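Following: one structure in structure tokens, then a few remarks.
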Amino acid sequence: MNATNEISQAKPAPKTIISWPHLVFAVLGFAISIYAIWAHGRVEAGLGTGCPVTNTISCDEVLGSKWGKFFGIPLGYFGAVFWVMVGITAITNSATSLKSAALQRFGIAAVGIASSAFLFYVSEFLIGKICLICLSTHITSLLNFLYSSFALIKARKVATSAENL
């Protein structure tokens, strides 16, 4: 067999598939996380974030609290890593089943919403203040989780329909 026949018999390369909603959430969440890192640096420098300071809203108090870091690292860095992971799972190829891709995205989103729920609890009930920067991340995480949930339900229905054919 010559090289020309071997090339023509090879399988086509898998096609790249992008989940645009997940990619948009990833970019938005990453941008908010970078802003949170910047704001945390300002708080540590004593400059303030410019976030409204009221009886209930103060990014400075939330970011500057003992809960604003984990192992000495500002939480914004963990958020940035999380949103990069969301972005990575948003890009798959045609060799990955729809159900598998949806399950990966749902798993990452579940970790995100659990983290957001915990951090919201800390902010609201332990610190007693709301950080608008943090709240933006929590809302983005919630939207990512909801979309991931619906996408997983849809992928399961498609997989079940394909099995019944």
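For Cα pairs less than 8 Å apart in space and 6+ apart in sequence, what is the mean separation divided by the residue count of the chain, i.e. the relative contact order in percent?
Numbers: 181 pairs, mean separation 51.5, N = 165.
Normalised by residue count, the contact order of the chain is 31 percent.
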(request) Please find, in a Gaussian network model of the chain (springs between Cα atoms separated by less than 10 Å), the residue of Gly64, Gly46, Gly112 whose mean-square fluctuation is greatest. (result) Gly46
(message) Give me the one-decimal nm value for the distance between modelled label points at Val81 and Phe150, 7 Å along each residue's Cα-to-Cβ direction.
(response) 3.1 nm
(message) Can you show me the helix-derived [θ] at 222 nm for the chain, built from DSSP H runs with n ≥ 4 at -39,500 (n - 2.57) apiece and divided by the number of residues, rounded to the nearest 500.
(response) -22000 deg cm²/dmol
(request) Considering only Pro52, Pro74, Pro14, give the residue with the highest GNM mean-square fluctuation for the chain, with springs between Cα atoms whenever their separation is below 10 Å. (result) Pro14
(message) For a quick check: with amide H placed at 1.01 Å from N, whose amide H comes under 5 Å from Ile57's, ignoring anything fewer than 5 positions away on the same chain?
(response) Ile130
(request) Below 17 Å Cα-Cα, how many Lys pairs turn up in the range 36-157? Only count pairs eight or more apart in sequence, or on different chains, if you could. (result) 4
(request) Compute the distance in nm between two label points, each set 7 Å from the Cα along the Cα-to-Cβ direction, one at Lys157 and one at Ala95. (result) 3.0 nm
(message) Need the C-alpha centroid separation for the range 113-145 versus the range 71-86, integer Å.
(response) 14 Å
(message) Using Cβ contacts closer than 10 Å as the measure, can you line up Val43, Val62, Val111 from fewest to most?
(response) Val111, Val43, Val62
(request) Could you compute the FRET efficiency for Lys15 and Leu142, with r as their C-beta to C-beta distance and R0 at 35 Å, rounded to 0.05? (result) 0.70
(message) More than 22 angstrom separation, counting every C-alpha pair in the chain; what % is that?
(response) 52 percent
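Read the figures in this text as sums done on the coordinates, not as results from a lab. Keep in mind that this is a model prediction, so the values were computed, not measured. Note that each Cβ is placed from the backbone with ideal geometry, even for glycine, and that neighbours are counted across all protein chains shown.
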